[in-house]
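Colleague: There's a structure below that I have some questions on.
The values are calculated or read from the model by the stated rules, or taken from the named source; none is laboratory data. In this text the structure is predicted, and so the values were computed from the model without any measurement. Cβ atoms come from the backbone with ideal geometry, glycine included; neighbour counts cover every protein chain shown. These accessible areas exclude ligands, DNA and RNA; they are computed on the full protein's heavy atoms, side chains included. Shrake-Rupley method; radii C 1.70, N 1.55, O 1.52, S 1.80 Å.
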Amino acid sequence: MPEQLAFTIEVFLNGLMAGVLYALVALGFVLIYKASGIFNFAQGVMALFAAMTLYGIMNGLVPFAHLINAVFGTELHHFGWTVPAFAAILLTIGVMVVLAWMVQRFIFRYLVGQEPIILFMATIGLAYFLEGVGDLMWGSDIKTLNVGLPQGINDTIDLTTYDWFGYGFFIDNLDIVASIVAVVLVAALVLFSQYTKQGRAMRAVADDHQAALSVGVSLNFIWILVWSLAGFVALVAGIMWGAKSGVQFSLSLIALKALPVLMLGGFTSIPGAIVGGLIIGVGEKLFEFLIGAPFLGGATENWFAYMLALLFLVFRPQGLFGEKIIERV
């Protein structure tokens, strides 16, 4: 019995860490949805694109090398230098800001006032476009992202020294770092939205576009700012997931796991994204450990989050922290 309890505690803690990583992706969805009402299906691909760009800059890869070599018959692959991780992260942030400007300038400025389904389809198109451009720029091979974060089984913390009921359990250092980063990021975003002029303008745009315009708030600036922040969040998520499992195109699929997180926490709540992520992470790990593996043959992590989200849609569709919208007709 003590051994079972120790394993349960270990599964619970690892579920919390996994939930933090889910929440990092969900944060990007919340930021864009709060300010523009657009459900950005491309957020997962933005995390992939940011991680690939960071890897390319760090290792001095030539963008579009495969395309250039195929067209001109050259053998270009590397510039011959490497960039320190911190400088590469700053450069990648610059790339994501430019991407935010391009998305607003060439896509969404022409879709103002359109139906939500049209905006949603535009983000689906953006997702596939970014995935294709990322493939052309940096190649489709799996990349190992190393920015100096602790990772791997050799870096785990052995808690047997605490003598928990005579048994020990392990927590990955990378998960601990991701948790700390997520807490700091959420706190910074909350402070930014509450106590800065730009943050208040973001909240004004989220409440009423026309009213925000009437008091001199620039919608174009706010939307570029929001997409830039979402790009930064995507970069953080891409670094954590890329360091954990490698930079590969399956990374873009984490957006699908962020959907149940949003349904639980609410599409308009930054703290809700974190709480929803923790509930999903802990819930799927404990359900797999206590019920899935012993009684259902395992693999319940693939569907548990969506079943839980379905229950929330039936009984509390706005989520735990979302605003209940009442339309008068």
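Colleague: Based on the alpha-carbon gyration tensor of the stretch 250-329 and its eigenvalue square roots a ≥ b ≥ c, which shape applies: rounded if a/c is under 1.5, prolate if not and a/b is larger than b/c, or oblate?
Modeller: Values: a/c = 2.41, a/b = 1.90, b/c = 1.26.
In terms of gyration-tensor shape, prolate.
Colleague: Whose amide H sits under 5 Å from the amide H of Thr268, counting only residues 5 or more places off or on another chain, with H placed in the peptide plane?
Modeller: So Thr268 has HN proximity to Glu323.
Colleague: Along the charge dipole of the chain, pointing to its positive end and built from +1/-1 on Cβ of Lys, Arg, Asp and Glu, which listed residue (Pro84, Gly60, Gln194) has its Cα farthest out?
Modeller: Checking the options against the dipole of the chain, the answer is Gln194.
Colleague: Taking springs between alpha-carbon atoms closer than 10 angstrom, which of Gly297, Gly28, Gly242 fluctuates most in the Gaussian network model of the chain?
Modeller: For the chain, modelled as a Gaussian network with Cα springs under 10 Å, the answer is Gly297.
Colleague: Ignoring GluC sites (Glu not before Pro) that are buried or in helix or strand per DSSP, and keeping those with at most 15 other beta carbon atoms within 10 Å, what is the longest stretch of the chain between them?
Modeller: 76-322
Colleague: Just to be sure I understand: with springs between alpha-carbon atoms less than 10 Å apart, which residue in Ile38, Ile280, Ile270 has the highest mean-square fluctuation in the Gaussian network model of the chain?
Modeller: Its mean-square fluctuation being the largest, the pick is Ile38.
Colleague: Further question on the same structure: Just want to confirm a number: the relative contact order over the stretch 234-311, from Cα pairs under 8 angstrom separated by 6+ residues, in percent.
Modeller: Here the relative contact order equals 22 percent.
Colleague: If one computes the Cα centroid of the stretch 61-80 and of the stretch 1-55, what distance in Å separates the two points?
Modeller: If you average the Cα positions of each part, the centres end up 34 Å apart.
Colleague: Determine how large the accessible area of Thr144 is when every protein chain is in place; take a 1.4 Å probe and give Å² rounded to the nearest 10.
Modeller: 110
Colleague: By its C-alpha gyration tensor, with a ≥ b ≥ c as the square roots of the eigenvalues, how is the stretch 195-329 shaped: rounded for a/c under 1.5, else prolate for a/b larger than b/c, else oblate? All intermediate terms of the calculation are to be shown ahead of the outcome.
Modeller: Values: a/c = 3.23, a/b = 1.62, b/c = 2.00.
Because a/c hits 1.5 or more and a/b fails to exceed b/c, the stretch 195-329 counts as oblate.
Colleague: Pick out which of Tyr22, Tyr128, Tyr195 has the largest mean-square fluctuation in a Gaussian network model of the chain, springs linking Cα atoms closer than 10 Å.
Modeller: Tyr195
Colleague: Among the helices of the chain (complete DSSP H runs), which have Cα atoms covering no less than 30 Å along the helix axis and a Kyte-Doolittle mean of at least 0.5?
Modeller: 2-36, 85-106, 116-138, 173-195, 219-245
Colleague: Right, here's the next one. Could you sort out which of Lys143/Lys285; Lys244/Lys285; Lys257/Lys285; Lys143/Lys244 sit more than 20 Å apart by Cα distance in this structure? Display every interim value, and only then the final one.
Modeller: Working: Lys143/Lys285 27 Å; Lys244/Lys285 17 Å; Lys257/Lys285 14 Å; Lys143/Lys244 11 Å.
Beyond 20 Å between Cα atoms: Lys143/Lys285.
Colleague: Okay, helix-only estimate at 222 nm for the chain: each DSSP H run of n ≥ 4 adds -39500 (n - 2.57), divide by all residues, round to 500 deg cm²/dmol; what do you get?
Modeller: So the calculated ellipticity at 222 nm is -22000 deg cm²/dmol.
Colleague: For the chain, what does the relative contact order come out to in percent, with C-alpha contacts under 8 Å and a separation of six or more?
Modeller: Values: 515 pairs, mean separation 111.8, N = 329.
In percent, rounded to a whole number, it is 34.
Colleague: Something else: Just check the chain against the gyration tensor rule for me: Cα atoms, a ≥ b ≥ c as the square roots of the eigenvalues, rounded for a/c under 1.5, and otherwise prolate or oblate depending on whether a/b exceeds b/c.
Modeller: Working: a/c = 1.82, a/b = 1.13, b/c = 1.61.
Note, shape of the chain comes out oblate.
Colleague: Rounded to the nearest 10 Å², what accessible area does Val186 have for a 1.4 Å probe in the complete protein model?
Modeller: It works out to around 20 Å².
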